[in-house]
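The values are calculated or read from the model by the stated rules, or taken from the named source; none is laboratory data. Here the structure is a predicted model, which is why all the values come from computation and not from measurement. To get the accessible areas, we keep the full protein, side chains included, count just its heavy atoms, and leave off ligands, DNA and RNA. Shrake-Rupley method; radii C 1.70, N 1.55, O 1.52, S 1.80 Å.
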Amino acid sequence: MITEPGRDMAEGRETDAVAERPVELAYRPTVGELASALRARTRSTRAGRFQRRALVWTVAVTTVGALLSAAGSGHRDTPWPLYAGVVASVAFMTAVPWLQARRLHRLAERQGDICGTVDNTGVRLTTVHSSASHDWHLYSRYVETPELFVVLSADKSAVGFVVLPKRAVADPEGVDRLRAVLDRRLVRADDAEAPGVPRSRGRAVGRGVGSVGLLLLGLLLFFFAFAAVQQATHPDRFPGLQNNTAPMSAVMLGLGALAVAGAWWLVRRMTAMRIVTAVLAVLVLLAGGAALYRVGPMLHCWGSDRIARGPEGAYVCYDF
């Protein structure tokens, strides 16, 4: 006869046995899954995040250069081939994960179908032509996407990674057991960035300071945009034709709006700071709205060299 404590111990052993049963997988990776894994690795490594920021800054600087070149009379000499080359470079950088995935997929196709098992000792993958075993000490973290798990190697750049599609598991219970094994042996990449971790706390402070800096930059750009058209808006104090600075003001307004958006983006995952930033951003955008109210009536003279305000308040464009 089994007593109640004995029955509980038996049930516990059965539960542990189920939890420790290896998770079996059978699949053939697709280009989309490999591309998704590469993007997940990029988001989870410092080198990948740096590459993404560099791409964003390249696009921003190129856009600003094009707008500044188009402002005023110099727009006729805009080096469009240069901008086309930069756009092509950005497009290539964006397509790199897909191109890498295509290359990896060609290699995977030669191996055929993959059969694997995942348990507390590691990952074992077998194909018609090869087999490999990966112990957990080689890996430090993993990323979960809606379609797959990506196990990342312990080095900073995560050079090695293992793709485990969820569709490769026979039933939803197997997906849960696979997630449980990964949680026991590795750290989620999102958890590594969770608030409260000392390294993450310092990063949060840096994001907060950066957000305030971007708000101040946006306010400064709005002020310059407002000040740049003062002579044209006050013909009583500055009579005669004035240089058409409206395009320059429009560019600064756009950059100011981007700075405000960047300030909110930096703290979008920080609840308290996000609220404070949203309130400050509204105030800064009100200043930008005042500048836009001043600059807007002049924008129909975008390509003109000179501008003057008529007696009725309308702006007249002059080309020389």
Take Met248, Met273 and sort them by solvent-accessible surface of the protein heavy atoms, 1.4 Å probe, largest at the top.
Met248, Met273
Where a ≥ b ≥ c are root eigenvalues of the Cα gyration tensor, a/c under 1.5 meaning rounded, otherwise prolate if a/b exceeds b/c and oblate otherwise, region 166-320 counts as prolate
For Trp264, Trp98, give me the order by solvent-accessible area with a 1.4 Å probe, most accessible first, ignoring ligands, DNA and RNA.
Trp98, Trp264
For region 173-180, just list the computed ³J(HN,Hα) in residue order, Karplus coefficients 6.51, -1.76 and 1.60, θ = phi - 60°, integers in Hz, with x standing in for Gly and Pro.
4, x, 5, 5, 5, 5, 4, 5
Using the alpha-carbon centroid of each, what span in Å lies between region 208-283 and region 85-153?
44 Å
With DNA, RNA and ligands ignored, accessible area of Lys166 (1.4 Å probe; Å², nearest 10)
40 Å²
Solvent-accessible area per residue for region 195-299 (1.4 angstrom probe, square angstrom):
56 Å²
Would you rank Ser211, Ser89 by solvent-accessible area, highest first, keeping every protein chain in place and using a 1.4 Å probe?
Ser89, Ser211
